[in-house]
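The values are calculated or read from the model by the stated rules, or taken from the named source; none is laboratory data. None of the values given here were measured: they were computed from a predicted structure. Every residue, glycine as well, gets a Cβ built from its backbone with ideal geometry; the counts of neighbours run over all protein chains shown.
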Ligand SMILES: Nc1ncnc2c1ncn2[C@@H]1O[C@H](COP(=O)(O)OP(=O)(O)O)[C@@H](O)[C@H]1O
Ligand SMILES: [Mg+2]
């Protein structure tokens, strides 16, 4: 069963008299444990699409199914509950909570979103920090670690609740190429280890080399790209 | 719930500057309210003490109708033998009475052999009077304070001493009308000058009760008023009610009440001033509460604004709106508790220090009055509860705003 199924999905923003068709009737599906990217220039609709999949923004029209559930119309409360249960987020700006340590940031969803007991939390957080290679930095604050390290912590936080789907909107936009590749490789490695589905977006064609499935977004329309053998499509 | 509590506490600890700022404001508010209550209360108690202890007493008993005609000091409205016995018997049954003094109040002509003027006098038994009005002796400006008054002596009010140019040791004559209309005169030696105070009886002179009887030719037991001092002024309402029930209900053959019982509050105009102090205290409390409310609200709104990104993040990853709301309200609540606790501790310590250092001040002619601020447990608890409730109320609106924030908009905020 597909993790994400979108049918004739439309998102139109209306501000005053201006109508922006950010997503124009797209169809796609994402299979479990796959590693998917949406690539497109700025303004092509990547964020809009990921926000809809992530239950942060309701579609204007069409059907959207995530982890087997129709999420086309959910109340605020149900949407929040759904996100907390099934989806992990990695943000472009890392969005770690500045006053919490690395450990506490990863622990947060287990404490405030799902209510894990203390000891279980600790084991789980250390397991995830170990997996992303941050186990030796647990007591540092976000301001004390590098961008790449922040994104590792963010990946650990996204995975800590056993989310079935991790959404990452331009997770590498604020990183240099080397670090960006490292983060993409880490996410892929996490997919291999935990069988979590990863969907991320980027405007940088260079970093999609080792992505298995790529959708190209352009002005709200979607096209599935076939993987070229040499990975030198530009 | 416990998790939110833990997180809220941790946030307060981590957002140190904000926490310090808010709780300092709360602390300041609490300290000013508590100190104001205790100091104004101390002033009030001191002034009441001055009033009651230097003349008025706490409760006065008269024959029914006496107070209404007190200006003419009527001798025909005195309490007589059996009535006095009844009062003495009832006072003996009553707990909480420290002492009482029986006074004959009279008007007389005062002559220094050159000029004559009117004088109002209280005739007392010195031992009883000193126990009932312990500060009375302090009002003696010149002359011996010991034993208050002896037969043949008179304490004259300051105004008459000045007006009639009479000094301590001078001889004077008092001439008074008796009940039967005849006139009698008697010689006295000026024993001392009595400082005037405001309020009833504050400008009266004083003689020994035996002299009043001979001057007025009274050969039975007869007094104009019985002034009572309580062991504890806080028991005033209880003792008053009890005396009022027992004495106020007594009727004579004609079915008219025999006695009238009054508290100092009823007799002294100062009571209105005391009530004004209470009213002022109340308004200052309201003002301070408003200040606390506005400051916490301000800081909480700032906090929510500064943490929009954080709110967006925790909301996006699935924190339920009511938990976000709970987090912010709890932060306000904990800051309230912190500020209030610190404020209360500081206040109590300050009050203790003020009492230990014995701050003295002068009030009119009274010098060296000691400020002894106290605060009741109920006042402390009430202020604490109010301020904590205010802290929670002030964080409700910002917390609600945080909880309702759209995660996408919040995340976009930089
Ligand atoms: N809240 C919004 N209101 C109006 N227009 C919006 C809003 N969000 C995005 N858009 C528009 O939708 C289009 C797609 O935006 P977005 O999904 O952010 O693209 P990307 O993430 O690929 O840069 C853009 O034209 C953008 O201006
Ligand atoms: Mg975008």
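Of the listed requirements (1) more than 16 Å from ligand 1 (Cβ to nearest atom); (2) within 14 Å of another protein chain (Cβ to nearest Cβ), residue A:168 misses just one: (1).
Residue by residue through region A:34-68, note down the ones that are more than 15 Å from ligand 1 (Cβ to nearest atom), surrounded by 14 or more Cβ atoms within 10 Å (Cβ to Cβ) and away from every other protein chain (no Cβ under 14 Å). Within region A:34-68, A:34, A:35, A:36, A:62, A:63, A:64, A:65 meet the criteria. Assessment of region B:292-302 against the conditions (away from chain A (no Cβ under 12 Å) and more than 30 Å from residue B:414 (Cβ to Cβ)) yields at least one matching residue. Output the residues belonging to region B:249-273 that are without any contact (Cβ under 8 Å) to a residue 60 or more places away in the chain and surrounded by fewer than 16 Cβ atoms within 10 Å (Cβ to Cβ). Selection gives B:249, B:251, B:252, B:253, B:254, B:255, B:266, B:272. Of all the listed residues (B:213, B:150), the sole one being modelled with pLDDT of 90 or more, within 27 Å of residue B:228 (Cβ to Cβ) and in a helix (DSSP H, G or I) is B:213. When we screen A:77, A:137, A:144 for residues that are more than 20 Å from the chain's Cα centre (by Cα) and within 13 Å of another protein chain (Cβ to nearest Cβ), the only hit is A:77.
Taken together, B:23, B:54, B:40, B:69 contain a single residue that is in a helix (DSSP H, G or I), surrounded by fewer than 18 Cβ atoms within 10 Å (Cβ to Cβ) and touching a helix residue (DSSP H, G or I) at 6+ places or on another chain (Cβ under 6 Å), which is B:40. If I filter region B:224-247 for residues that are in a loop (DSSP other than H, G, I, E, B) and crowded, with 20+ Cβ neighbours inside 10 Å, do I get at least one hit? Yes: one or more hits. Only residues that are free of Cβ contacts under 8 Å to residues at least 60 places away in the same chain and surrounded by fewer than 19 Cβ atoms within 10 Å (Cβ to Cβ) were counted in region B:371-397, giving 7.
Checking each residue in region B:378-413 for being within 16 Å of ligand 2 (Cβ to nearest atom) and in contact with a helix residue (DSSP H, G or I) (Cβ under 7 Å, 6 or more places away or on another chain) picks out B:407, B:408, B:410, B:411, B:413. Scanning region A:80-100 for residues being under 26 Å from residue A:144 (Cα atoms) and either at the interface with chain B (Cβ under 7 Å from one of its Cβ atoms) or surrounded by 20 or more Cβ atoms within 10 Å (Cβ to Cβ) (or both) gives a total of 9.
Which ones in region B:95-120 are buried (at least 16 other Cβ atoms within 10 Å of the Cβ) and more than 28 Å from the chain's Cα centre (by Cα)? If the condition is that a residue be buried (at least 16 other Cβ atoms within 10 Å of the Cβ) and more than 28 Å from the chain's Cα centre (by Cα), then B:104, B:106, B:107, B:108, B:110, B:111, B:112, B:119, B:120 are the ones that fit. Of everything in region A:101-117 that is surrounded by fewer than 17 Cβ atoms within 10 Å (Cβ to Cβ) and within 9 Å of another protein chain (Cβ to nearest Cβ), the residue that is nearest to residue A:53 (Cα to Cα) is A:114.
Would you mind finding the one in A:26, A:14, A:10 that is under 23 Å from residue A:223 (Cβ atoms), away from chain B (no Cβ under 14 Å), surrounded by fewer than 20 Cβ atoms within 10 Å (Cβ to Cβ) and within 15 Å of ligand 1 (Cβ to nearest atom)? Write out each step before concluding.
On the way: A:26 fails: surrounded by fewer than 20 Cβ atoms within 10 Å (Cβ to Cβ); A:14 fails: under 23 Å from residue A:223 (Cβ atoms).
Just a single option satisfies the conditions, and that option is A:10.
Checking the stated criteria, residue B:114 turns out not to satisfy the condition of being over 24 Å from residue B:80 (Cβ atoms) and in a strand (DSSP E or B).
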